[in-house]
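First up is the structure itself, then whatever we jot down about it.
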Protein chains: 2
Amino acid sequence: MQYFINLAIQEAEKAESRGSVPIGAVVVQNNKVISSAGNEVIKNSDPTAHAEILAIRKACLLLNSHIIDECDIYVTLEPCAMCAHAIYLSRIRRLYFGAYDVKRGAVDQWSSTLDRSIYKTEVIGGVCETQCAEILQKFFEKKRI
Amino acid sequence: MQYFINLAIQEAEKAESRGSVPIGAVVVQNNKVISSAGNEVIKNSDPTAHAEILAIRKACLLLNSHIIDECDIYVTLEPCAMCAHAIYLSRIRRLYFGAYDVKRGAVDQWSSTLDRSIYKTEVIGGVCETQCAEILQKFFEKKRI
């Protein structure tokens, strides 16, 4: 679990080096990394290019299916409503996320998107929470200077 | 309004001819079509390839910005939570949709995603509702035969 969230953290750091908000995601099947991605919203001029969406799209393309129900996803930040619903649509088995997002997180705090009966994805929040939260805190502190 | 929803209906019909669920979307700026797309989930093996997401991505790429707040979007069906949040993220000015989606619609029926104070997008539902609903009804009737 920690190994994969660390890979997601590395993706977040790469996103930061491209000038994007540091958020990373990794899709895993049978303990093997299928895809990984960092946030590319600014670089790609694409509001949907969140780390989760990019990682899911890559994984589906590789596995040649829009349903990847044997996969888990590891994300550094609690997904927003767009990503939470994309996770549901892809039927991902388990979602692990690091930091909670009080403002825009759709899983734990907001509309509990993934908790509804139609959402089968299991959710484990707060994995390496401090480390995942610190990357974002430092990024936004630098922005304010 | 009817002209653009008709273009979205044409995109839905094209999606059906590719074996996908017939849903279409058109992004418009200053009465000019910027992008249009139909559902490509099956064809692209991509659970995020809803008509709205594809049309938004194309429009942003063309306008070279992840914020397209001078654009409106026309969709044949009430957007799901993923698409509703993508519309918010792109800051689209106005959403026009045709048929209401009682089960998965995120705008009117479900979690009222776009009604929250952070969502500035204006919503007009039920545009050419009967025509938009019929395309989907006929598609699912054929599926059941």
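The figures follow:
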item: Selected residue (criterion: farthest from the chain's Cα centre (by Cα)) from residues of region B:43-53 that are at the interface with chain A (Cβ under 7 Å from one of its Cβ atoms) and either within 21 Å of B:Q10 (Cα to Cα) or in contact (Cβ under 8 Å) with a residue 12 or more places away in the chain (or both); result: B:T48
item: Single residue of region B:79-93 satisfying the filter (in a loop (DSSP other than H, G, I, E, B) and at the interface with another protein chain (Cβ under 7 Å from one of its Cβ atoms)) that is nearest to B:N39 (Cα to Cα); result: B:C80
item: Index of the failed condition, B:V33 passing every other in (1) crowded, with 21+ Cβ neighbours inside 10 Å; (2) within 20 Å of B:Y3 (Cβ to Cβ); (3) hydrophobic (A, V, I, L, M, F, W, C); result: (1)
item: Residue list for region B:59-76, filter: crowded, with 21+ Cβ neighbours inside 10 Å, within 8 Å of chain A (Cβ to nearest Cβ) and not in a loop (DSSP other than H, G, I, E, B); result: B:C60
item: Flag if B:I56 is more than 9 Å from chain A (Cβ to nearest Cβ) and within 14 Å of the chain's Cα centre (by Cα); result: no
item: Identity of the residue in region A:109-145, within 23 Å of A:A15 (Cβ to Cβ), at pLDDT below 85 and among the charged types (D, E, K, R), that ends up surrounded by the most Cβ atoms within 10 Å (Cβ to Cβ); result: A:K143
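The values are calculated or read from the model by the stated rules, or taken from the named source; none is laboratory data. Note that the structure is predicted; figures quoted are calculated from it, not measured. Because the Cβ atoms are built from the backbone with ideal geometry, glycine has one as well, and the counts that use them run over all protein chains shown.
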